[in-house]
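Undergrad: Structure below; questions to follow.
The values are calculated or read from the model by the stated rules, or taken from the named source; none is laboratory data. These figures come from a predicted structure and were not determined experimentally. Cβ placement follows ideal geometry from the backbone for every residue including glycine, while neighbour counts extend to all protein chains displayed. With ligands, DNA and RNA removed, areas are computed over all heavy atoms of the protein, side chains included. Shrake-Rupley method; radii C 1.70, N 1.55, O 1.52, S 1.80 Å.
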Amino acid sequence: MLFNSISFGVFLVIVFLLYYIVPHKYRWGFLLLASYAFYMNLHLWYGILLFLTTLLTYGLAISLENAHSSGQKKRALLLGILPLVLILVFFKTANPVIQRMNALIAEGRLSIQPITMTILLPAGVSFYFFQSMGYLIDVYRGKTKAERHFGYYALFVSFFPQLLSGPIGRAGELLPQYKKKRRFHYNNVTYGLKLMAWGYFKKLVIADVFAITVNKLYNNVYSYVGLAFIVVTVMFAVEIYCDFSGYSDIAIGCAKLFGIDLMTNFKSPYFSFSIKEFWSRWHISLSSWFRDYVYIPLGGNRVPKWRHLLNLLLTFLVSGFWHGSTLTFLLWGGIHGLLQIIETIIYPKGKAHKKHFWQLPLTFIVLCFTWIFFRANNIKDAMWVISRLFWDASRPLNYLKTALICLDMSYLQLGLMWVPVLVLAVYDLLSLKFDVIKAVSRQKCFIRWPIYVLLLVVIALFSPKGIATEFIYFQF
């Protein structure tokens with residue numbers, strides 16, 4: 001059940017209406033059932049894996065808390081984390097290994113029958129695995145108490161707005177909210193709906209529209225050259241941001257309908273002055289997860305300088321592997337790790353440095369370059385794109401005309417595509433200073449209502465029609 005589908009709209013209305021009718025003491029159970037129904041609508045066995053994960057980590061967290069020695073605690077933690085890591089590695093590597101074996105068979109280098117099996121990656125498995133592992137580690141560290149009520153803990157793992165792509169929650173923040181008595185709050189509900197509408201605008205009007213052109217060129221790179229690759233790479237940078245932050249907005253807004261506050265996941269990341277700042281604004285729940293559960297256990301910056309720099313690189317390599325075991329993702333993660341090392345050397349911790357305006361476009365250009373590896377289907381495709389970026393650039397007019405031919409657009413069509421992005425940029429710029437939705441909500445009705453209606457009309461008219469497209473991060 002996708003957020004951008006009619007079935008989800010019907011599902012959400014029913015769940016929302018019943019939630020405030022059900023007595024408080026049963027609401028956790030109602031939300032739990034709704035969450036499993038939401039998830040198992042995608043595939044029956046998804047629910048089985050989710051339940052087994054919940055059962056395993058629930059029991060081991062209690063064992064961790066009851067352990068009388070550090071050895072017992074470490075064994076319980078290992079019993080909880082190791083199976084999840086191994087399962088995750090299996091899902092991440094199985095299909096690439098099968099594809100590589102089939103390629104070798106086709107080349108005649110392996111004399112066995114082709115493997116036609118494809119491993120079905122459960123949607124959202126990385127996110128609820130990470131949330132469960134973070135919970136176990138927090139219990140191990142004594143940062144949170146093991147939850148004795150199985151129902152509340154099961155809801156913490158499976159709450160449907162965040163289940164498929166986060167934000168990755170922390171037990172100390174979410175569990176108390178599930179237990180607290182909630183009353184219908186008009187402002188919470190309207191704020192949640194407005195945030196969801198903004199998320200749908202980003203997903204449907206920008207991300208899905210840009211995806212058509214991006215997929216066309218990146219899935220057949222050898223048919224194109226020049227400026228078109230620069231345009232679609234920038235498009236992809238916008239697409240992935242709008243797709244994923246759009247999902248986060250919908251998830252946070254949806255949770256708000258039930259009085260639950262999920263953490264902010266994006267803070268205008270493309271207005272960053274450095275790669276380091278970018279990662280403090282992009283996919284915050286995952287970035288902070290890697291910081292707390294990978295980077296810090298490796299030693300963080302509390303070790304010799306060379307180890308500190310190595311820890312940065314290793315953390316981003318792990319992040320790259322999390323996105324996919326192919327060389328493109330590992331290279332993407334490695335480049336970001338090296339960029340972090342360079343910035344750490346140039347700007348040592350504790351040393352104040354002035355921000356210059358030119359750092360904004362430079363950071364964005366560097367980010368777009370790294371997105372080439374993220375989006376390309378393989379290293380060969382990525383190298384082709386990079387080597388052809390400035391093909392025929394010495395003849396500016398031909399450079400531009402060739403791009404329009406490759407993109408199959410007129411000047412007007414290409415220009416109109418960026419109008420919604422301009423609206424997004426203004427919103428993100430303003431959101432650095434204040435909550436835009438709250439600011440609009442405080443305006444007179446003859447000002448705010450035309451804005452609401454216009455947003456809904458734009459979503460209805462300009463989003464691609466047909467089958468709802470998956471969110472990009474479902475594949476991770």
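Undergrad: Take the residues in segment 244-287 that are among the charged types (D, E, K, R) and surrounded by fewer than 23 Cβ atoms within 10 Å (Cβ to Cβ); name whichever of them is nearest to F357 (Cα to Cα). Explain how you work it out, then say what you get.
TA: At the first step, the residues of segment 244-287 found to be among the charged types (D, E, K, R) are 249, 256, 261, 267, 276-277, 281.
From the residues that got through so far, the ones that are surrounded by fewer than 23 Cβ atoms within 10 Å (Cβ to Cβ) too are 261, 267, 276-277, 281.
Values: D261: 34, K267: 18, K276: 16, E277: 14, R281: 18 Å.
The qualifying residue nearest to F357 (Cα to Cα) is E277.
Undergrad: Going by the conditions given, is R388 over 27 Å from the mean Cα position of the chain (by Cα), open to solvent by less than 80 Å² (accessible area, probe 1.4 Å), closer than 30 Å to G337 by Cβ and not small (G, A, S)?
TA: Against the criterion (over 27 Å from the mean Cα position of the chain (by Cα), open to solvent by less than 80 Å² (accessible area, probe 1.4 Å), closer than 30 Å to G337 by Cβ and not small (G, A, S)), R388 qualifies.
Undergrad: Here are the criteria: (1) more than 15 Å from the chain's Cα centre (by Cα); (2) closer than 30 Å to A197 by Cα; (3) open to solvent by 30 Å² or more (accessible area, probe 1.4 Å). Tell me which single one L317 does not satisfy.
TA: Against the list (1) more than 15 Å from the chain's Cα centre (by Cα); (2) closer than 30 Å to A197 by Cα; (3) open to solvent by 30 Å² or more (accessible area, probe 1.4 Å), L317 comes up short only on (2).
Undergrad: Is it the case that Y186 is of a type in the set (F, W, Y), under 21 Å from L17 (Cβ atoms) and without any contact (Cβ under 8 Å) to a residue 60 or more places away in the chain?
TA: Considered against the rule, which asks whether it is of a type in the set (F, W, Y), under 21 Å from L17 (Cβ atoms) and without any contact (Cβ under 8 Å) to a residue 60 or more places away in the chain, Y186 comes out as yes.
Undergrad: Which numbered condition trips up L298, out of (1) open to solvent by 50 Å² or more (accessible area, probe 1.4 Å); (2) closer than 30 Å to V423 by Cβ; (3) in contact with a Leu (Cβ under 9 Å, 6 or more places away or on another chain); (4) not aromatic (F, W, Y)?
TA: That leaves (2) as the condition not met.
Undergrad: Do we have any residue at all in segment 425-432 that's part of a helix (DSSP H, G or I), farther than 14 Å from F271 by Cβ and open to solvent by 70 Å² or more (accessible area, probe 1.4 Å)? Please lay out each step first, then the result.
TA: First pass over segment 425-432, keeping only residues part of a helix (DSSP H, G or I): 425-431.
The next check asks that each one be farther than 14 Å from F271 by Cβ; those that pass are none.
So far as segment 425-432 goes, no, none of its residues is part of a helix (DSSP H, G or I), farther than 14 Å from F271 by Cβ and open to solvent by 70 Å² or more (accessible area, probe 1.4 Å).
Undergrad: Being of a type in the set (S, T, N, Q), touching a helix residue (DSSP H, G or I) at 6+ places or on another chain (Cβ under 6 Å) and either modelled with pLDDT of 90 or more or part of a helix (DSSP H, G or I) (or both) is the filter here, so list the residues in segment 149-178 that pass it.
TA: Of everything in segment 149-178, those that are of a type in the set (S, T, N, Q), touching a helix residue (DSSP H, G or I) at 6+ places or on another chain (Cβ under 6 Å) and either modelled with pLDDT of 90 or more or part of a helix (DSSP H, G or I) (or both) turn out to be S158, Q162.
Undergrad: To continue, here is another question. Filter segment 465-476 down to residues that are part of a loop (DSSP other than H, G, I, E, B) and surrounded by 10 or more Cβ atoms within 10 Å (Cβ to Cβ) and give me whichever is modelled with the lowest pLDDT.
TA: The selected residue is A468.
Undergrad: Return the only residue of L338, L367 being touching a residue at least 24 places away in the same chain (Cβ under 8 Å), touching a Leu at 6+ places or on another chain (Cβ under 9 Å) and part of a helix (DSSP H, G or I).
TA: Only one candidate qualifies: L338.
Undergrad: Of all residues being assigned to a helix (DSSP H, G or I) and in contact with a helix residue (DSSP H, G or I) (Cβ under 7 Å, 6 or more places away or on another chain) in segment 450-464, which is most open to solvent (accessible area, probe 1.4 Å)? Just the residue, please.
TA: That would be F462.
Undergrad: Select from segment 1-52 the residues that are open to solvent by 40 Å² or more (accessible area, probe 1.4 Å) and in contact with a Ser or Thr (Cβ under 9 Å, 6 or more places away or on another chain) and write down the one among them that is modelled with the lowest pLDDT.
TA: N41
Undergrad: Something else now. Would you confirm whether or not segment 207-220 contains a residue that is open to solvent by less than 30 Å² (accessible area, probe 1.4 Å), among the hydroxyl-bearing types (S, T, Y) and more than 19 Å from the chain's Cα centre (by Cα)? Explain how you work it out, then say what you get.
TA: Residues of segment 207-220 open to solvent by less than 30 Å² (accessible area, probe 1.4 Å): 207-208, 210-211, 213-214, 217-218.
From what's left, among the hydroxyl-bearing types (S, T, Y): 213, 218.
Next cut, more than 19 Å from the chain's Cα centre (by Cα) only: 213, 218.
Checked segment 207-220: at least one residue is open to solvent by less than 30 Å² (accessible area, probe 1.4 Å), among the hydroxyl-bearing types (S, T, Y) and more than 19 Å from the chain's Cα centre (by Cα).
Undergrad: Another question about this same structure. Between residues in segment 378-403 that are outside any loop (DSSP other than H, G, I, E, B) and residues that are open to solvent by 70 Å² or more (accessible area, probe 1.4 Å), which pairs lie under 7 Å by C-beta distance while being six or more apart or on different chains?
TA: I379/L327; W384/Y222
Undergrad: List every residue pair whose Cβ atoms sit under 6 Å apart, with the two residues 6 or more apart in sequence or on different chains, where the first one lies in segment 37-48 and is over 10 Å from S158 (Cβ atoms) and the second, anywhere, is open to solvent by less than 60 Å² (accessible area, probe 1.4 Å) and not in a helix (DSSP H, G or I).
TA: Close Cβ pairs (under 6 Å, with a partner that is open to solvent by less than 60 Å² (accessible area, probe 1.4 Å) and not in a helix (DSSP H, G or I)) amount to N41/M1; L42/A123; Y46/P122.
Undergrad: When I365 is evaluated against the numbered criteria (1) under 22 Å from the mean Cα position of the chain (by Cα); (2) over 24 Å from I81 (Cβ atoms); (3) open to solvent by less than 40 Å² (accessible area, probe 1.4 Å); (4) not charged (D, E, K, R), which criterion, by number, is the only one it fails?
TA: In the conditions (1) under 22 Å from the mean Cα position of the chain (by Cα); (2) over 24 Å from I81 (Cβ atoms); (3) open to solvent by less than 40 Å² (accessible area, probe 1.4 Å); (4) not charged (D, E, K, R), I365 misses (3) alone.
Undergrad: With respect to I240, is the statement that it is out of contact with any Pro (no Cβ under 9 Å at 6 or more places or on another chain) and closer than 26 Å to L461 by Cβ true?
TA: In short, yes.
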